[in-house]
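S.K.: My structure is below; once you've seen it, I'll send some questions.
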Amino acid sequence: MLNVSLLIISYLFMEFVAWSNHKYIMHGFLWKWHKDHHRKDRQHTLPEKTEDKRFEKNDLFFLVYALPAIILLILGFSLHYLALSYIGVGITLYGFTYFIIHDIIIHNRLTISFLRKKPNYYIRAIVKAHTAHHLPKNKTDFQNYGLLFFPSRFFKI
Ligand SMILES: [Zn+2]
Ligand SMILES: [Zn+2]
């Protein structure tokens, strides 16, 4: 039970990590890694045709987040301290969620049509909130840095 709670807490904590890193690091001193993800902003064709299907420098962040997860998984299994592995699994599951929602459903970087067919109410709101992130009014107006949590008005739009 404790281990499952650790998994859930680390999963939710990763949303906080993603939000804060996106806001203060990716749109801060590592903008040089993130900016190619925004290169086609304001084309008003989101979410269908914004990115070319190729690697972005922004994908480096996946490696940055995968590394601590891999280390925790290996340490947990080799030291027989499974709590660490559960934290690693939580981080990994968040990474999968992010990839499926952000890269496949929103930006269509891999065409897996059944995932994009009939998104539910919550997924539709996530898409709208993240689409708003890609349509800033000016260079500093970005909003919705998180993925799973966002202002409730996106449920209504
Ligand atoms: Zn951004
Ligand atoms: Zn995006």
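The values are calculated or read from the model by the stated rules, or taken from the named source; none is laboratory data. It should be emphasised that the depicted structure is a prediction, and the values quoted were computed from it without experimental measurement. All Cβ positions, glycine included, derive from the backbone under ideal geometry; neighbour counts span all protein chains shown. In case anyone asks, the SASA skips ligands and DNA or RNA and just uses the protein heavy atoms, side chains included. Shrake-Rupley method; radii C 1.70, N 1.55, O 1.52, S 1.80 Å.
S.K.: For region 136-157, how many residues are at pLDDT 85 or above and among the β-branched types (V, I, T)? Can you show your working first?
M.R.: Going residue by residue through region 136-157, those that are at pLDDT 85 or above are 143-156.
Narrowing the set further to residues that are among the β-branched types (V, I, T) leaves none.
Count: 0.
S.K.: Another question, if that's okay. Filter region 85-107 down to the residues that are of a type in the set (A, V, I, L, M, F, W, C) and open to solvent by less than 40 Å² (accessible area, probe 1.4 Å), then identify the one that is farthest from ligand 1 (Cβ to nearest atom).
M.R.: Only one residue fits best here, namely I91.
S.K.: I would also like to ask the following. Tally time: how many residues in region 131-144 are under 17 Å from R39 (Cα atoms) and free of Cβ contacts under 8 Å to residues at least 60 places away in the same chain?
M.R.: 8
S.K.: Among the residues of region 6-19, which ones are open to solvent by 40 Å² or more (accessible area, probe 1.4 Å) and touching a helix residue (DSSP H, G or I) at 6+ places or on another chain (Cβ under 9 Å)?
M.R.: L6, I8, I9, Y11, L12, F13, listed by residue number.
S.K.: Among L110, L147, which is of a type in the set (A, V, I, L, M, F, W, C), open to solvent by 40 Å² or more (accessible area, probe 1.4 Å), under 20 Å from N58 (Cβ atoms) and in contact (Cβ under 8 Å) with a residue 40 or more places away in the chain? Lay out the reasoning, then the answer.
M.R.: Numbers: L147 fails: open to solvent by 40 Å² or more (accessible area, probe 1.4 Å).
Criteria check complete, one pass: L110.
S.K.: I would also like to ask the following. Identify, from the list H27, H22, the residue that is within 13 Å of ligand 1 (Cβ to nearest atom), at pLDDT 95 or above and either open to solvent by less than 50 Å² (accessible area, probe 1.4 Å) or not in a helix (DSSP H, G or I) (or both).
M.R.: Only one candidate qualifies: H22.
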